[in-house]
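The values are calculated or read from the model by the stated rules, or taken from the named source; none is laboratory data. Everything quoted here is computed from the prediction, not taken from an experiment. Here the Cβ is made from the backbone with ideal geometry for all residues, glycine too, and neighbour counts use every protein chain on show.
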Amino acid sequence: MGPVAVNSNLPIAVYDEYVRTEWKLLVERRIAGPHIPISDLAKGLGYSYHAIRNWMQQPKYQRYENWRLAQLHEQIVFTEGVARGERFNTNSVPERFQEFALEMQEGLLQIIETTSNEKLRADLMQNWLGYAGHVQQDRPSKADNRPPLSVDDLLMLATRAKEAGLDLALGIRITDGNPNGQGPT
């Protein structure tokens, strides 16, 4: 990775704490190429992978990096507003989605009508109803989430119930400690 270009036309903001030069170089390289692996950053700066990882985990470095990113974010002017000299307005995002909502609904309806995939059709219809505010009520699960009891567990339960004088309708008859009237084996 080559040298990092600095735009000299922009006012230089000053960070209020001392920051190591290596950290400044690392932040600038990470800004220039956020996709660059840490191992490549370490080679480019002449430090070990573990040194770079250690720096990135230090709160002081993280504060500086966040400050630097905030400085860059303030300088960004999106292309839509460049002609008018305006910054991007995040309040307009929902409005932009509303402009295309009918087209998106028509596209979804066309997919629902033309697809032969029943799973896709059911998912799209369920999502569409969810977006419209008709959320399906949660039904209890058909599958019982409790672990099944073994025969020994059922026998112990029936024996304890019999000792306690309770009549459990388990369909098990306890005779001589064996299920279903079987004698000792």
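Numbers below:
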quantity	calculated
Of residues in the stretch 26-37 being surrounded by 15 or more Cβ atoms within 10 Å (Cβ to Cβ) and farther than 12 Å from Tyr64 by Cα, the one nearest to the chain's Cα centre (by Cα)	Arg30
Cross-chain or 6+ apart pairs with Cβ under 6 Å, the stretch 121-134 first and modelled with pLDDT of 75 or more, then surrounded by 13 or more Cβ atoms within 10 Å (Cβ to Cβ)	Arg121/Ile112; Leu124/Leu108; Leu124/Ile112
